[in-house]
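Read through the structure below, which is laid out as structure tokens, and then see the notes.
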Amino acid sequence: MLSIIVVTVDRTRQTEHFLLSLTHQTCADLEVVLMHAPQMPETTVAAMCARFPSLRIRAFPSPDTCLSRSRNAALAHVAGDCFAIADDDCLYPPEVVARVLETFRRHAELAVLMGSPVSLDPGDIPTGDAPVPLPAWRLFTGCPSFVHFYRTAVCDAVGGFDECLGVGCGTPYQSGEETDFALRAVRAGFAAARVPSLVILHPSTTPGGAAMRRKIRTYARGRMQLLRKHGCPAGFIALNVLYPLLALPVEWLAAARRLARYRLCMFIERFLSLWRD
């Protein structure tokens, strides 16, 4: 069984959309461990869970607003032999649970499995059904928490999430807890892989405004603390610092290409419409 850990503060609507996506799974061998903010009324939580009678949902109040601490509390309630770390605003396409369980069944050597994050307004969808081994350094890219899946046995070896990292912790390091967990699992000897076509949908985030600047600042401090914690070499740390600049030309060209295709298509259709009724 796959135990799906979801932590939410007050985003009831997004959480309901996620739970709705679980009702459409082709495999029902799942449970939801829902951690909600302590101040969230129990009647609201109960009403939300009651809307999905086909799902096994167990809801618990989070200790506080620390995401890592909430996930650690959820781990104590996991009943499945595998677990997932979901965001309350992500969506699982219908085959996700079945494919995760089947991949773990067919590949006994794997204990850490990553899917592919894709925007809710996707462009190209990743392809490839075979697990692709992930060395430790690859866990730093394209592995947000909502694409993480694990065998539960990993927890016995590495413990829980670092409560000094992640959103809501009492330090300036407001990110990196999921990457830290995956790195500790790999360094404990567990094999990791990504299935590229195992797509998890998530809203895209467009930088802008003071709030986004603050978010980027706290996430950056979390990333640098993570690199220091794991003793990453100076060259790798430098590459992490320079990566945003190095990626800028590629992303500009990609954006320009998308816009150019759109404008060209607009021209062709308008031109052809001159001869259409």
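The values are calculated or read from the model by the stated rules, or taken from the named source; none is laboratory data. All figures in this text were calculated on a predicted structure; none of them were measured in a lab. Positions of Cβ are generated from backbone atoms using ideal geometry, with glycine treated the same way; all protein chains shown enter the neighbour counts. Protein only, heavy atoms only, side chains kept; ligands, DNA and RNA dropped before computing areas. Shrake-Rupley method; radii C 1.70, N 1.55, O 1.52, S 1.80 Å.
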**Item:** Residue selected from region 170-187 under the condition open to solvent by 30 Å² or more (accessible area, probe 1.4 Å) and in a loop (DSSP other than H, G, I, E, B), by the criterion farthest from SER68 (Cα to Cα)
**Value:** PRO172
**Complete:** Within region 94-109, the residues that are open to solvent by less than 70 Å² (accessible area, probe 1.4 Å) and aliphatic (A, V, I, L, M) are VAL96, VAL97, ALA98, VAL100, LEU101
**Request:** Could you identify the single residue in ARG270, ARG223, ARG217, ARG213 that is part of a helix (DSSP H, G or I), open to solvent by 60 Å² or more (accessible area, probe 1.4 Å), farther than 20 Å from VAL118 by Cα and at pLDDT 90 or above?
**Result:** ARG223
**Request:** State which residue pairs qualify: first residue closer than 17 Å to HIS148 by Cβ and inside region 90-103, second residue open to solvent by 60 Å² or more (accessible area, probe 1.4 Å) and assigned to a helix (DSSP H, G or I) in any location, beta carbons under 8 Å apart, and separation of 6 or more residues or different chains.
**Result:** LEU91/HIS17
**Message:** Conditions first: (1) touching a Pro at 6+ places or on another chain (Cβ under 7 Å); (2) at pLDDT 95 or above; (3) aliphatic (A, V, I, L, M); (4) closer than 28 Å to GLY168 by Cβ. LEU91 passes all but one, so which condition is the exception?
**Reply:** (1)
**Message:** Anything in region 120-164 that is in a helix (DSSP H, G or I) and farther than 14 Å from PHE83 by Cα? List them, or say none.
**Reply:** ALA136, TRP137, ARG138, LEU139, PHE140, ALA157, VAL158
**Asked** Residues ARG56, ARG71, ARG51: which one is open to solvent by less than 50 Å² (accessible area, probe 1.4 Å) and of a type in the set (Lys, Arg)?
**Response** ARG71
**Item:** region 216-256 - residue that is among the basic types (Lys, Arg) and free of Cβ contacts under 8 Å to residues at least 40 places away in the same chain and, of those, farthest from LEU67 (Cα to Cα)
**Value:** ARG228
**Exclusive hit being closer than 28 Å to SER62 by Cβ and at pLDDT 90 or above, set PHE146, PHE140** = PHE146
**Request:** Just give me the residues in region 226-263 being among the aromatic types (Phe, Trp, Tyr) and either more than 20 Å from GLU177 (Cα to Cα) or open to solvent by 80 Å² or more (accessible area, probe 1.4 Å) (or both), in sequence order.
**Result:** TYR243, TRP252, TYR262
**Residues being over 20 Å from THR23 (Cβ atoms) and either open to solvent by less than 50 Å² (accessible area, probe 1.4 Å) or touching a Cys at 6+ places or on another chain (Cβ under 7 Å) (or both) - total across region 110-136** = 13
**Item:** Qualifying positions in region 20-45 - surrounded by fewer than 22 Cβ atoms within 10 Å (Cβ to Cβ) and under 19 Å from SER70 (Cβ atoms)
**Value:** GLU31, ALA37, PRO38, GLN39, MET40, PRO41, GLU42, THR44, VAL45
**Request:** Answer with yes or no whether VAL167 is assigned to a strand (DSSP E or B), under 15 Å from the mean Cα position of the chain (by Cα), aliphatic (A, V, I, L, M) and at pLDDT below 95.
**Result:** no
**Message:** Out of everything in region 150-159 that is touching a residue at least 40 places away in the same chain (Cβ under 8 Å) and over 17 Å from the mean Cα position of the chain (by Cα), what residue ends up being surrounded by the fewest Cβ atoms within 10 Å (Cβ to Cβ)?
**Reply:** ALA153
